[in-house]
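Report on one structure; see the data block that follows.
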Amino acid sequence: MKGKVLLTGGAGFIGSHTCVELLNAGYDVVVVDNYANSSPEALRRVKELTGKDFPVYQADVCDRAAMEKLFSEQPIEAAIHFAGLKAVGESVEKPLEYYRNNLDSTLTLVETMRAHGARKLVFSSSATVYAAASQSEMTEDLPTGCINPYGWTKYMIEQILRDVAFAGKDWSVALLRYFNPVGAHESGRIGEDPNGIPNNLMPRVMQNALGIIPVLGVFGDDYPTPDGTCIRDYIHVVDLAKGHVAALKYLEGFTGCDAINLGTGTGYSVLDILNTFEQANGVKLRYEIQPRRAGDAAACYANPEKAKRLLRWQAEKTLADMCRDAWRWQQMNPRGYNA
Ligand code: UD1
């Protein structure tokens with residue numbers, strides 16, 4: 001690729017790991033982030049890990065003037081759009097903020113790209129766009145539909161990008177549907193640093209191991225799964241990051257818009273996660289069975305064949321790797337980036 005790759009939200013959990021993999025693969029990157037839910041320290045560490053420097057713009061992707069300035073200063077050829085609000089519960093409380101932020105940032109990014117001749121875009125979508133039907137294994141052509149505003153923003157952005165690629169035949173767009181990203185860089189230098197009390201399982205497991213959450217709730221053990229707890233497709237964030245590098249390569253020879261799952265294809269139950277975490281790290285967790293959480297599907301995992309076929313990518317790391325790397329990061333950075 002001749003030009004640079006812009007990472008919106010590049011200081012975040014998935015963005016920072018993707019930054020490392022892109023730099024290691026020889027790409028020139030530019031990051032824009034408003035640090036609403038991330039820290040500049042993550043980018044400082046990305047530079048230290050890779051030994052490479054790159055421009056960073058502290059700005060909101062909704063800020064048209066700031067984006068215009070960035071695109072006029074940097075030869076951007078492709079963008080990976082990670083930036084966005086992502087807390088499901090909060091999105092139910094503040095739907096307007098979610099729709100305004102996630103849709104506006106995407107429209108501003110795509111309009112600025114159009115004005116500056118950038119036509120390659122990778123979007124951070126989510127397996128949450130699959131309408132929870134009777135199906136557990138998700139293929140990209142299954143019906144979509146959501147149950148919360150966060151999910152609807154992903155769904156709507158997918159539709160917007162499909163329409164953009166249909167209207168302008170020179171666009172190349174990959175909608176990457178992530179399953180459940182966990183783990184951390186194996187150096188322990190970058191990882192997930194959620195604001196406040198986390199909602200997702202793996203950060204909560206680690207807070208339980210640290211004693212911050214005294215008793216971890218397992219939300220439901222009466223699902224129609226082998227051990228009764230929910231099944232998800234947990235994917236190591238470094239595998240996921242490599243999937244973005246593969247997607248960019250794919251876009252070099254593709255025009256149109258394609259939705260592609262990034263998952264391992266293997267589902268694990270909540271109890272599998274807790275047991276593997278304890279074994280891999282030699283720690284004891286304290287948990288109890290609690291009522292089901294509203295909106296949870298019994299099982300959801302990727303059919304990863306499309307990514308294998310089109311991107312020539314597949315996840316390689318094991319669940320034990322995910323548990324070990326997450327815990328290494330947490331122990332080396334008990335207070336995240338704010339130490
Ligand atoms: C959640 C979001 C999804 C979002 C994804 C990534 C919901 C309903 N879904 O996915 O839209 O794209 O995060 O951020 O919020 N669990 C426990 N105890 C806990 C926490 C979780 O048992 O303390 C269970 C849940 O019931 C679920 C599994 O662990 O079965 C995974 O939960 P979580 O990490 O929140 O991910 P998802 O719900 O799959």
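The values are calculated or read from the model by the stated rules, or taken from the named source; none is laboratory data. Treat the numbers as computed from the prediction; the structure is a model and nothing was measured. Every residue, glycine among them, receives a Cβ derived from its backbone with ideal geometry; neighbour counts consider all protein chains shown. Only protein heavy atoms, including side chains, enter the accessible area calculation; ligands, DNA and RNA are left aside. Shrake-Rupley method; radii C 1.70, N 1.55, O 1.52, S 1.80 Å.
Things to note:
- Scaled to the globular estimate 2.2 N^0.38 Å, the Cα spread of the range 1-73, given as radius of gyration, is 1.03.
- Convex hull volume of the Cα atoms of the chain, normalised per residue: 123 Å³.
- Solvent-accessible area assigned to carbon and sulfur over the range 106-177 amounts to 54 percent, based on a 1.4 Å probe.
- For the range 157-200: span of alpha carbons on each principal axis (Å, largest first): 43, 25, 16
- Rg to Rh, two decimals, where the range 206-252 supplies the alpha carbon set and Rh follows Kirkwood: 1.23
- Computed label-point distance, nm, for sites Arg100 and Ile212 using a 7 Å Cα→Cβ extension: 2.9 nm
- Cα-based helix-to-principal-axis angle, 13-24 vs the chain, degrees rounded to 10: 60 degrees
- Relative contact order for the chain: 19 percent, from Cα pairs under 8 Å spaced at least 6 residues apart, divided by residue count.
- Here the range 214-301 exposes an accessible surface that is 50 percent carbon and sulfur, computed with a 1.4 Å probe and the other protein chains kept in place.
- With every protein chain in place, the range 38-92: carbon and sulfur % of accessible area (1.4 Å): 53 percent
- Here, the range 281-320 yields an orientationally averaged convex hull projection of 5.2 nm² when only Cα atoms define the hull.
- In this structure, the amide hydrogen of Gly256, modeled 1.01 Å from its nitrogen in the peptide plane, lies closer than 5 angstrom to those of Trp171, Ser172, Val173, counting only residues at least 5 positions away or on a different chain.
- A Stokes-Einstein calculation at 37 °C with viscosity 0.692 mPa s, built on the Kirkwood radius of the range 1-141 over Cα pairs, returns a diffusion coefficient of 206 µm²/s.
- The value obtained for the range 64-172, namely the Cα convex hull volume divided by the number of residues, is 107 Å³ per residue.
- Per principal axis, descending, Cα span of the range 300-339 in whole Å: 42, 20, 20
- What the phi angles of the range 219-224 give under the Karplus curve with 6.51, -1.76 and 1.60, with θ = phi - 60°, is a coupling list of 7, x, 10, 10, 7, x Hz, glycine and proline written as x.
- Taken over the range 226-316, the convex hull of the Cα atoms encloses 117 Å³ per residue.
- The chain - mean residue ellipticity at 222 nm from DSSP helices (-39,500 (n - 2.57) per run, n ≥ 4, rounded to 500): -12000 deg cm²/dmol
- Accessible area (Å², per residue) of the chain, counting only protein heavy atoms and a probe of 1.4 Å: 43 Å²
- Shape category assigned to the range 264-339 from the gyration tensor of Cα positions, a/c cut at 1.5: oblate
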